[in-house]
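Let me begin by presenting the structure, written as C-alpha cells, before commenting on it.
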Amino acid sequence: MDRCVVLVDAGYLLGAAASLLAGEPARSRISVDHATLIQGLRERAEAETERPLLRIYWFDGAPDRVPQPEHRRLRVMPRVTVRLGALTRSDGRWAQKGVDAAMHAELTELARNRACSDIVLVTGDGDLLPGLMSAKEHGVAVHLWAVQAADGDYNQSEDLVAEADERRVLDRAWITGAVRAKELPGPCAPTTEPRPEIAAILAAPLPETAAAAAAAAAAESPGTHNGTARTAAGAPGAAPSPAGPDARSAPGPAPAAAPDATAGGGAKGVPTPKDLAGLGRGPGSSAAPHPAPSATLRWSSDKGWVDRGPGSGVGEPPETANLPMLAQLTSAEQRWADREEDITAVSGDPFEVGQVFARRWTERLSDAGHLHQLSTEYPRIPHRIDGELLRYAARFGLLAHKDDQIDEHDRYAIRAGFWREIDVRTAAEHAPAGE
C-alpha cells in the first residue's frame, strides 16, 4: 500500500526535546502543544515520504497503564493511536516497560501485512534494530528521525542509524514549533490568583509543628499564651492531607519551620477561628501571607482545622449535610453523556476537571439556594462532595501514582478549578436581568 505510518517513541522524542530546550531530560520541564506536534509530524512525514499518512502510533509509558491527560488528548485526535506500556519506579527513577516490545510488534506487523510502503521511526533505541531489519525485508522503506542532541551528545543507536534507509534530524527550530521550556514552577499550580483564605491555609505549618510551637510558647510565658495554647489544642486531631477519603495513605510533606506569630493570635503561623472568619470576604480583612513552598491545602472549617477522615468521629456539619452529591443529581442518560464527554472532550487537566465537575453539579441543581449555600462554605468543599470530586479526577489518571505518591499541586488545581466555576455560576445567578 502506498501509504506512510509514523511510530513515535514519546519517551525519546519528549525527553530529547527537554534536554535540548531545558537542559535536562525531565518531561516536566517542558510544555507540549500536542495538536501542533501531531500536525507537524503528519505534514513532515507526508512531505518526505511523498505518501499520504495512514496513521501515527504514539508509544508511551503510564503508571499502571492508566492514560494520563496528555494521552487522553492524543487518542481522540484524527489518525492517532496511543499504545501504553507500564511506567515503573526503581531506585528513585521512573522507567518504561513494554514500550519497545510494543513498537517492535507494531513495526513488524505493519510490514508483514503490507499495510504501508514507508515507515517513519522517531526513536533512538537500538532494541528496535531487529524490527527495522524485518520491515526492510518485507519491502518497506524505513525513515529514521532523530531529535537534535543537546551539546553535541549523540542520542541514537549507531546501528539503528546505519540500518535505516533515510535519516533526518528534527532540529531546534522544528521542535520549538510545538514544545516550550517551562519556567521554574512556583508554589501553586494554577495560574489564577488564589483567594486570600486559601493562601492562609496554604501558609500554615503542619499541625505537629504548630502544637510544638504552642507548647513552647505556653511554657515560656503561661500567663500571656494561655489563649494561644487553648486554640492550638482545640483543633481536633491532625489536619489531613487533601487526599480526601484516601488521606490515610498519602504521606505529608516534612514539617516546615513555623513563621513568626501574627497579630491575630494563635499558634505561630496557624490561623485561629477568628483569623479564618475575618479573611477575604469580611470587612477590614488584611492581606494573606504568601503560600509556603511546601504547604498543602488542608480540610478547614469555621472552627479551625478539622479531621474529617475515616474514624475521626466528625460528621458533616448540618449546614452542608443537605447539599446533594452529583451522583444524586445525575440521571442514567446524563451519566452516559458525561462519560462520553469525559472520553472525547475533557483533556484531564486538573483545573479543567474541577471546572467540569462544578459545571455539572450547578447545572443540575433544582434548588438555587444550594449554590449560594455552597458558595458561603468557601474555601472548604463539603467532605462528601470533595471526596466525589477527587474520585472523579481519579478517572483521568491524575491520582494514579505509584507508591501512593499524591501530587498535591494537582489536588490544589482541581479544587481551584471547582471554585472558579462556582464563582462564575454564582455571579451569573446574581447578575441583573438583561446583562
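Cβ-Cβ distances below 6 Å connect the following pairs, each with a first residue in region 54-73 that is closer than 12 Å to residue 102 by Cβ, a second residue that is of a type outside the set (Asp, Glu) and in a helix (DSSP H, G or I), and a separation of six or more residues or different chains: 58/10; 58/74; 59/99; 59/102; 59/103; 60/10; 61/99. Taking the conditions (1) at negative phi; (2) without any contact (Cβ under 8 Å) to a residue 60 or more places away in the chain; (3) under 33 Å from the mean Cα position of the chain (by Cα) in turn, residue 136 satisfies each one other than (3).
Contact map, region 17-43: first residue under 18 Å from residue 169 (Cα atoms) and assigned by TED's automatic domain parsing to the domain that holds residue 143, second residue among the polar types (S, T, N, Q) and not in a helix (DSSP H, G or I), Cβ cut-off under 6 Å, separation 6 or more or different chains; pairs are 20/148. Pairs linking a residue in region 371-399 that is at negative phi and β-branched (Val, Ile, Thr) to a residue that is surrounded by fewer than 18 Cβ atoms within 10 Å (Cβ to Cβ) and not in a helix (DSSP H, G or I), with Cβ atoms under 7 Å and 6 or more positions apart or on different chains, are 385/325. Of everything in region 1-26 that is farther than 10 Å from residue 179 by Cβ and within 21 Å of the chain's Cα centre (by Cα), the residue that is modelled with the highest pLDDT is 10. Inside region 69-102, residues that are in a helix (DSSP H, G or I) and surrounded by fewer than 20 Cβ atoms within 10 Å (Cβ to Cβ) make up a count of 5.
Of all residues in region 103-150, those satisfying the criterion of being assigned to a strand (DSSP E or B) and either of a type in the set (Phe, Trp, Tyr) or under 19 Å from residue 85 (Cβ atoms) (or both) are 121, 122, 145. For region 30-68, residues that are β-branched (Val, Ile, Thr), under 19 Å from the mean Cα position of the chain (by Cα) and either farther than 14 Å from residue 10 by Cβ or part of a helix (DSSP H, G or I) (or both) total 1.
Residue 114 satisfies every condition listed in (1) of a type outside the set (Val, Ile, Thr); (2) loosely packed, with under 14 Cβ neighbours inside 10 Å; (3) touching a residue at least 40 places away in the same chain (Cβ under 8 Å); (4) under 26 Å from residue 64 (Cβ atoms) except (4).
Identify, please: which residue in region 158-168 is modelled with pLDDT of 90 or more and either assigned to a helix (DSSP H, G or I) or within 33 Å of the chain's Cα centre (by Cα) (or both) and is, among those, farthest from residue 45 (Cα to Cα)? Restricting to residues being modelled with pLDDT of 90 or more and either assigned to a helix (DSSP H, G or I) or within 33 Å of the chain's Cα centre (by Cα) (or both), the top hit is 159. The residue of region 338-365 that is nearest to residue 68 (Cα to Cα), among those that are of a type in the set (Gly, Ala, Ser) and at pLDDT 90 or above, is 354.
Could you list all residues from region 329-385 that are among the polar types (S, T, N, Q), under 17 Å from the mean Cα position of the chain (by Cα) and surrounded by fewer than 18 Cβ atoms within 10 Å (Cβ to Cβ)?
Hit for region 329-385 is 347, nothing else.
Looking across region 1-29, the residues that are buried (at least 21 other Cβ atoms within 10 Å of the Cβ) and outside any helix (DSSP H, G or I) come down to 4, 5, 6, 7, 8, 9.
The values are calculated or read from the model by the stated rules, or taken from the named source; none is laboratory data. None of the values given here were measured: they were computed from a predicted structure. Glycine gets a Cβ as well: all are built from the backbone with ideal geometry, and neighbour counts include every protein chain shown.
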